[in-house]
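Worksheet: one structure, shown below.
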Amino acid sequence: MSCAFRARSGIRRSRVLLTPLAVRNQSSIATPQKKTTSEADDEAPVIKKREVQVDDICASRSASRYRVAIDFENTKEAYRSKTTLELLRSLFVFKLCTFDFVVDRNKELMQLSRAVLGKRLFERLMKMTFYGQFVAGENQETIKPLIRRNRMFGVGSVLDYSVEEDLTQEEAEKKEMESCVSEAEKESPRVDHREKKYKAHRQFGDRRGGVISARTYFYADEAKCDHHMETFIKCIEASGGSSEDGFSAIKLTALGRPQFLLQFSEVLVKWRRFFNLLAADQGKVGLAALEVKLEMKQLEESLAKLGILAKEESQNWFTGENLGFKGTVDLLDWNSLIDSRMKISNLLLIPNLETGQLEPLLSKFTDEEEKQMKRMLQRMDVLAKEALRHGVRLMVDAEQTYFQPAISRLTLEMQRKFNTEKPIIFNTYQCYLKEAYDNVSVDVELCRREGWYFGAKLVRGAYMYQERTRAEEIGYEDPINPTYEATNNMYHRCLDYVLEEIHHNRKANVMVASHNEQTVKFTLNRMNQLGIHPSENKVYFGQLLGMCDQISFPLGQAGYPVYKYVPYGPVNEVMPYLSRRAQENRGLMQGAQRERSLLWAELTRRLFGGELLHFPRP
């Protein structure tokens, strides 16, 4: 039995892998009102012009429910922060996004414009149009006026340095294959225990394919990863210097060789699959993840029968102070068996049911591969400490499903380490995944047992087309919910679970990262029902800069914690980001059409109301 696996308490912390490592201004747009039991959850709220007495609301929350009403049709309130020229720019940019030729050929058109106009005129044109709409500025100094203005209207910032490499498809594929294939696989490509889902495939080596709403990093070398870490640190510093409650976003594929994320993801999935196999052997199929509890005696017999462990060995395996003390082992207990070791490669062991042995995922790891794994974890640790020092919360973005199990596990370990006093680290859950609810509920239960602060960002997801195509062509189960309605239901189910946890345990926190107005209204209704007041700063809302202002600013002016993802970077280096924004606006035609109609309504109101020279005032 390998010493890399031993029993740990489901309540005590297992330091896995990281060993090296105000109340806002209130606006007349919203008013709390007592809610009677006869009121329907989705009825149109009545808006009253009076001040919100936050202390009174919080004091009487347990006695009665208050209903905060927000009118998303009130264009005067929604666009108070915008000049008339900014409204015209938004209308122009959103209209351009409706033309297929412009969107499909946006890169070629921008390159042509740059060649014809020259660098200076091209940059000026971009700042008047797409860049000005979707990007805050070129550096930490130039973005400050926009951040401060948004703060005046109750909207915070999630800073994101959006410079990307402009690689060809061939260059991206080459880098991906070099960074995701280990030396052992190169030497003996057919002698391993790898699953095809967790192996690199050249036809999907360019991870940008079919993805329009997420930035992609490709591994070059360790120096490049250090550069990315320094960039993230600058984002953290800028966020800390511009606001008291900011966020900064990071991606783990920027911080190290993705080979480790693939390998560790496969190990985690195989161990969970092994748990499910043992559950099936005990007749516990079809239950929710947290409802499955393995009987210790039957578990010991199963492990002995499979040849993994003799009974006396399994008794030593499950020797934690609390692990199995009730005679059962649940999924959280099982996950805690993966322990940290001096050599990280010792973690990458899997149960081989054919031989009855715990075997390494790969036949060998080079010293350099071992060092690369440790450096990724060290960079994560540095960033978390910087976030803690600057009072900034760190958002760890979600990525593809073949990376995500490792990303989520590493993020969870960061939460265990840094979320002891307040929520510093937030994990991202993609709700278009079939397993999203199980992932959320298991992590919430772990934080409840261990007493740290849970932080989640809920998104629908950025990789649906790519994930579906990859699963079909390579030949494994599609991880995506079958329909958009199923994804919506999953999103609301996960969100409702976290909101209920906030209601019962104020240590949970969630960001509702959505441009969907119905999801926002769902959240507001559930907050009203559960007595979660916006001044508690437990439920946040998030949208992209330059999009859905009719949602963001009414929420912010009503006192809800709401944030814009604020990208910044030099004009010529954020072209890939601007290209994605153009495509995303075309893909969200229904929402964009509604936004355009509201912008026209506000422009018309100003024209006939004598307010064309509107000056933003909170």
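For THR83 and ARG148, compute 0.36 nm times the residue count separating them, minus their Cα-Cα distance, and round to one decimal in nm. Walk me through the numbers before you get to the answer.
Working: separation 65, 0.36 × 65 = 23.40 nm, distance 1.54 nm.
Contour length minus Cα-Cα distance gives 21.9 nm.
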Most packed first (mean Cβ within 10 Å per residue), the peptides 153-162, 367-376 order as 153-162, 367-376
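Take the Cβ-Cβ distance between ARG124 and TYR465 as r, set R0 to 41 Å, and report the resulting FRET efficiency rounded to the nearest 0.05. Could you put the intermediate results ahead of the total?
Numbers: r = 35 Å, r/R0 = 0.85.
Once rounded, the FRET efficiency stands at 0.70.
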When Rg is the radius of gyration of the Cα atoms in the range 250-310 and Rh is its Kirkwood radius, what does Rg/Rh come to? 1.15
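Listed highest first by mean packing, meaning other Cβ atoms within 10 Å per residue, what order do 540-549, 486-495 come in? Could the numbers behind the result be given before it?
On the way: 540-549: 23.7, 486-495: 19.5.
In decreasing order of mean packing, 540-549, 486-495 become 540-549, 486-495.
P(r) tail for the range 359-477, what percent of Cα pairs lie past 26 Å?
32 percent
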Considering the dipole of the range 149-240 built from charges on the beta carbon (Lys and Arg +1, Asp and Glu -1) around the Cα centre, which of TYR198, TYR219, SER157 is farthest to its positive end? SER157
Could you tell me which of the pairs LYS251/LYS371; LYS297/LYS507; LYS297/LYS457; LYS119/LYS457; LYS107/LYS224 are separated by over 28 angstrom between their Cα atoms in the structure shown? LYS297/LYS507; LYS297/LYS457; LYS119/LYS457
Ranked highest first by the average count of other Cβ atoms within 10 Å around their residues, in what order do 557-565, 227-235 fall? 557-565, 227-235
Based on the Cβ-Cβ distance of GLN378 and PHE608, what FRET efficiency does E = 1/(1 + (r/R0)^6) give at R0 = 41 Å, to the nearest 0.05? 0.10
Extension length gain for ASN489 and ARG506 (0.36 nm per residue less Cα distance), in nm, is 3.7 nm
Quick check of the Kirkwood formula: for the range 114-246, what is the inverse mean of 1/r over all pairs of different Cα atoms, in Å? 18.3 Å
Can you work out the accessible area per residue across the range 476-546, with the rest of the protein chains kept in place, probe 1.4 Å, in square angstrom? 34 Å²
Quick query: amide H of MET511 versus all other amide H atoms, modeled in the peptide plane; which residues come in under 5 Å with a sequence gap of 5 or more or a different chain? ALA456, LYS457, LEU458, TYR540
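Out of the GluC sites (Glu not before Pro) in the range 459-532, which ones are loop residues according to DSSP with at most 15 other C-beta atoms within 10 Å?
On the way: sites: GLU467, GLU472, GLU473, GLU477, GLU485, GLU500, GLU501, GLU517; in loops: GLU477.
Hits after loop and neighbour filter: GLU477.
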At q = 0.19, 0.21, 0.26 Å⁻¹, work out log10 I(q)/I(0) for the range 71-144 with the Debye formula, treating every Cα as an identical point scatterer and leaving solvent out; two decimals please. -0.95, -1.07, -1.25
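The values are calculated or read from the model by the stated rules, or taken from the named source; none is laboratory data. Keep in mind it's a predicted model, so treat the numbers as computed, not measured. When we count neighbours, we look across all protein chains shown, and the Cβ atoms used for this are built from the backbone with ideal geometry, even at glycine. Ligands, DNA and RNA are excluded from the accessible area calculation, which covers all protein heavy atoms including side chains. Shrake-Rupley method; radii C 1.70, N 1.55, O 1.52, S 1.80 Å.
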